[in-house]
Amino acid sequence: MIEQPVRSLSNEITAGGKHERRFSEDGVVTALAVEVDKNISSTEDCVQKADQYLRELPPLNSIIANVKVGDVLKSMLEHAPSEGGKKYAALAITTNGKRGIDGNVNAEGLAMLANDWISYILLPWADTEACHALKVSLVLGERDMGVENRYSVKWFTSKPSQFFSVFGREFVEFTDKSGKDIDLPDPRLLALHAAITHVLNETGIGEFLDLLMDRFDSSLVVPAEDFGGRDLALRAMVMELAGSSRQLTKLVTCDCWQYARVTCPEPFQDFVLNILLSPFVTIEHHQRTQNLSDEINTERKYERQFLEEGAGTVLREELKKNTSWTEDCVHEAVQYLRDLPPLSTIAANVQVSDVLKSMMEHAPCELGKKYAALAITTYGKRGVDGHVNAEGLTILANEWISYILLPFKSTYKHDQSDFWGPDIASTKFTPSNSKTEIPSGPRTAADKYKTFRKLLARRQRRQCAVFKPCGRFFIEATHILKPSLVVNKKHGADMVTQDKTWDMLCHYGDISVKNIQEKRGGTLNGFLLEPGMHKTFAEFEWCFVATGVKNQYEVRWFTEPLAFFVHCGRKVVEFEDHSGEGIASPEPRFLALHAAIAHVLNETGIGKFLDLLMERFNPAESLVSPSKFGGRDLALRAMVMELAGNCHQLPESTKVTDDSTDQTTSTPRKCYIPSLTPQTP
């Protein structure tokens, strides 16, 4: 029973980006706005048409388990607070559910509409009202429609509260008894409150959101922006996996239950968690889930605390003014890590200390090592009791995972489809007398790739950088830092995420943003490789490690080397310009940064975790942008992975695909989305 909703939700999240892009391209939101403005049909006619659409809609689960898409849409339509609202809801249904050429209602579009209304109307409203209060509303009764400011009190529980039963009024009439012309409650606001209350209680969404917020936020009232879109879907999936055993609930100790004590360091309190064994969740999974749930619940408090204390600002100031030797900073940081108790990061089975230690040990340069050491001592600053700030170091480890390791891993995972990025395709390059300069004028991504490849071919005599001359090989131009990693984000969360990534990389890799942007398309950022070596380089299976001689590197493998490399590979590679044209060799700092990331990903095991995460949640995407997963989103996905365990409840990569041809098997593949297909009883 648990598996089907989980698979459905996972498929919905996975395919969500594709649906959103398609709806954005088709302009459904714009079409709805235009339709609302220009439609001259009567509200009754619009509602009748919308009802017909809903009757033809197959049974589909919304983002919330056991809440049907049709029920949400019907309830929002029936209880609209005004004539205009009713017409809007009806037009939204007919626009999003617009029939295809086969005459069928667009089920995916209506599912998206229902989920949007849940995420952006019902959830924020319930959130700010703490949801528990939405059990009663003031509505205009049939007998009172003609009486201004007179309302009947409607309860949505089985019976009113005892206090109301004794002292409450069945009808309320608002009047200004002060004589000072004080405004009375706005009827439109009361009508809107009544509409939301009807929908929350009639569909069962209110009860679910109560449970969701109880589990994920002990303060009950969560800022409206904290849940929404995929975030809500992920939390719903966690609830489904946790099941009815209330594994995320804080419970009292009871001898009749199996339980595990989870002791949280200050400022938390101890509490006891109930563990009910199930075929899907083991004790280890349960404890891990609780840790992650706690982390999400208290993350905002940590962030506020660090914002107030300015840990990030303190770190930047420390980097500017600190005159200690790098060796001394590292020695102090190592002591901090020795005193750090065992704590898990956002990634399952990866310890905070392992991430911090690996990032510091394999820093790509002297400045990067000092930056890592000072970050550890700043975020882990000892309190008055002399103890290391474990929470601060956990935040630091998770930030490095989210804003350094994940962006690198995701952009390198599949890089062929986003060679230059959207803002580079139209860039006009300035003419130059340099023979190595890319020619001026707007060109396509294919043209840029050809120019890049030709320059590398002249520099390397059309040879793979790591193979001896032992036969004929295909070769590919390989970027050290992927262009999509450094494409400017224009606005929103993408820009914020990228700013954090760049800020960290500039200190960790001693590379300025300007330096990366200027050199990302030149020969300083690339070399030629055989396709197999190209793929394994992009997946961080091997790297170049500097030997101390200029432009000379050792090839270091983290996995079993490819057979071709065993027979034809060079253990030491030296880059030089064979063209005689002064074509630049690869930038040592770029190679050092790639090597550092490769060491950390493989040494800590985070690489395998992120591979699995992206395969499960985004199998149909050829490229995952750096901001695709991050912050709480990454924590929630990690929690789902833990709860699912080895049961393979999340879809395999072949389950959700585009309506296109499989490049591997060359056989047609259709989009398979269980949550958007009729369910059998």
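Every number in this text was worked out from the coordinates using simple rules, so none of it is lab data. Everything quoted here is computed from the prediction, not taken from an experiment. All Cβ positions, even for glycine, are placed from backbone atoms using ideal geometry, and neighbour counts span all protein chains on display.
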- Message: Greater than 28 Å separation of Cα atoms is the criterion. Which listed pairs, K68/K500; K68/K409; K154/K177; K369/K450; K38/K74, meet it?
- Response: K68/K500; K68/K409; K369/K450
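Once fully extended, how much extra length lies between R316 and D102, figured as 0.36 nm per residue of separation less the alpha-carbon to alpha-carbon distance?
Details: separation 214, 0.36 × 214 = 77.04 nm, distance 6.04 nm.
The span from R316 to D102 would gain 71.0 nm if fully extended.
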- Task: For Q52 paired with Y120, estimate the spin-label separation in nm (one decimal), with each label point 7 Å from Cα along the Cα-to-Cβ line.
- Result: 2.8
- Query: Going highest first, how would you order 108-118, 547-557, 515-525 by mean Cβ packing within 10 Å?
  - Reply: 108-118, 515-525, 547-557
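Provide the packing ranking of 596-603, 161-168, i.e. peptides ordered by the mean count of other C-beta atoms within 10 Å per residue, highest first.
Working: 596-603: 22.6, 161-168: 10.0.
Averaged packing, sorted descending, gives the order 596-603, 161-168.
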- Message: Suppose the chain between K571 and E366 were pulled fully straight at 0.36 nm per residue; how much longer would it get relative to their current alpha carbon spacing?
- Response: 71.3 nm
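Going by average Cβ neighbours within 10 Å, how do the peptides 583-593, 170-180, 451-461, 316-326 rank, with the highest at the top? Mind showing how you got there, number by number?
Numbers: 583-593: 20.8, 170-180: 9.9, 451-461: 18.5, 316-326: 12.3.
Highest to lowest by the protection proxy: 583-593, 451-461, 316-326, 170-180.
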- Item | Estimated inter-spin distance, F171 and S512, nm [label 7 Å along Cα→Cβ] | 7.7
- Query: At V549 and S152, where each label point lies 7 Å from the Cα along Cα→Cβ, what is the point-to-point distance in nanometres?
  - Reply: 9.2
